[in-house]
Each structure stands twice: as structure tokens, then as C-alpha cells.
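*Asks:* Below is a structure I'd like to ask you about.
The values are calculated or read from the model by the stated rules, or taken from the named source; none is laboratory data. This structure is a prediction, so every number in the text was calculated from the model and none was measured. Reconstructed Cβ throughout: ideal geometry from the backbone, glycine too, with neighbour counts over all protein chains shown.
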Amino acid sequence: MVDPFTLTIQNMQKLGFFKFFLPFLLSSAVFYGLLRKSQIFGVPDKNVAVNGTVALVAALMVWAYPIIAGVDIETQLSTFFAHSIIATLTIAFALMITSMFLPPDIGDQLVKLLGKAGGKYGAAIIVLGLLIGTAILVSSGLINVLIPGWTGGAINISEDIIISAAVIISLGIVIALLIATSGGGKS
């Protein structure tokens, strides 16, 4: 007998929750938040209906594409979010382990180190984030949805090699940051 959670998820899949409904809700929430923040239609509190309507229409247009084009992205989106949460948990766990060896006010020190605009390490953090995001995009298979027919270019590189390269580069950046923050001086 199947447990109730598996049965519920299977029934939600049959109803199209993961193929259309949940991605549509997520997209409309993101569009709505962006419209409120950008204030493109004026003060957000006075234009709730306009922002909501534009967000819903934009989300419907975006999620009509996979259905019209006959592209099934249900598996890739689930894989993308699973890989993203694993990457986030890994970073959080690494920060927890690191915090055992660092002073208790590490948060304040990081704010001072990075400054308001990211300081001199802001670019390294952005590059690291882009590398992790690209690795997740490729490993989840969403790159094939964004660039149809993409096989890695003229050189066929497996996803395992790309992920391994991203991890090695990320570790190199972390080591470089540790050396730079310790002054890289003499021991």
C-alpha cells in the first residue's frame, strides 16, 4: 500500500500541479513582487489591482509556452529546486561548521568586511553564486529548455565534469578568500 503523502503527490501530478499550477503561482508572485518594487505603475498601495493583473497575465503567458511548444519541464523544475535546496543547505552547513572556529560576532565582521555594496569581496561572492547557479541549471536539465538542442556545445562535456569543475573552482575561491582575509602574511 502506498503511503498517503506519495498518493497525494501522485494525484497532484495527475492534476497538473507541478507542470503548470505551482510554477504559475511562483511566477505570478515573483512578477507581482518585482512590479511592486519597481513601482512601474506608480505607488504600489494605489495600484494593487494593476500590479496583480499584469503579474497574473505575465505568468499565464510564460507558462503557456511549455504547453503550446509541447515541452515538458516538470522533471527539470523539480530537479532544479531539489538541487537548489541541496546547494543552499550545503552552504548553510558549511557556514555553521566554519562558525565553530570563528569568533561569535562573525556576522558583524562579515558586514564590515563586505561593506554596503559588497566591498572588494562582493565580486567574488557574485561569481561564486553565478557558478553555483550555472551548475544547478546545467545539472537539472533546464539548460535544454532555455537553449533547445543544447548538448554542451562543440565539446560534449558531461554534467558530472561541469559540477566537479564548479565545486573545485568554488573551493579555490573560498581558499583564496580565507588567505586574503587572514592577511596572507607570514606564520
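*Asks:* If you scan the stretch 10-39, which residues turn out to be without any contact (Cβ under 8 Å) to a residue 12 or more places away in the chain and within 18 Å of residue 69 (Cβ to Cβ)?
*Replies:* Residue satisfying the conditions is 16 alone.
*Asks:* Something else now. Scan the stretch 13-21 and tell me whether some residue there is at pLDDT 90 or above, surrounded by 13 or more Cβ atoms within 10 Å (Cβ to Cβ) and either of a type in the set (Ser, Thr, Tyr) or closer than 24 Å to residue 142 by Cα (or both).
*Replies:* no
*Asks:* A further question follows. Out of 87, 55, report the one residue that is in contact with a Phe, Trp or Tyr (Cβ under 7 Å, 6 or more places away or on another chain) and outside any loop (DSSP other than H, G, I, E, B).
*Replies:* Unique residue meeting the criteria: 55.
*Asks:* Something else about it: For the stretch 158-167, give me each residue that is loosely packed, with under 12 Cβ neighbours inside 10 Å and farther than 17 Å from residue 86 by Cα.
*Replies:* Going residue by residue through the stretch 158-167, those that are loosely packed, with under 12 Cβ neighbours inside 10 Å are 158, 160-161.
Hits for the stretch 158-167 are 158, 161.
*Asks:* Here's something else I'd like to know. Among the numbered criteria (1) of a type in the set (Val, Ile, Thr); (2) over 30 Å from residue 10 (Cβ atoms); (3) modelled with pLDDT under 85; (4) not in a helix (DSSP H, G or I), which one does residue 71 miss?
*Replies:* Every listed condition holds for residue 71 apart from (2).
*Asks:* Taking residue 81 as meeting all but one of (1) in the same structural domain as residue 138 (by TED's automatic domain parsing); (2) surrounded by 13 or more Cβ atoms within 10 Å (Cβ to Cβ); (3) in contact with a helix residue (DSSP H, G or I) (Cβ under 7 Å, 6 or more places away or on another chain), write down the number of the exception.
*Replies:* (3)
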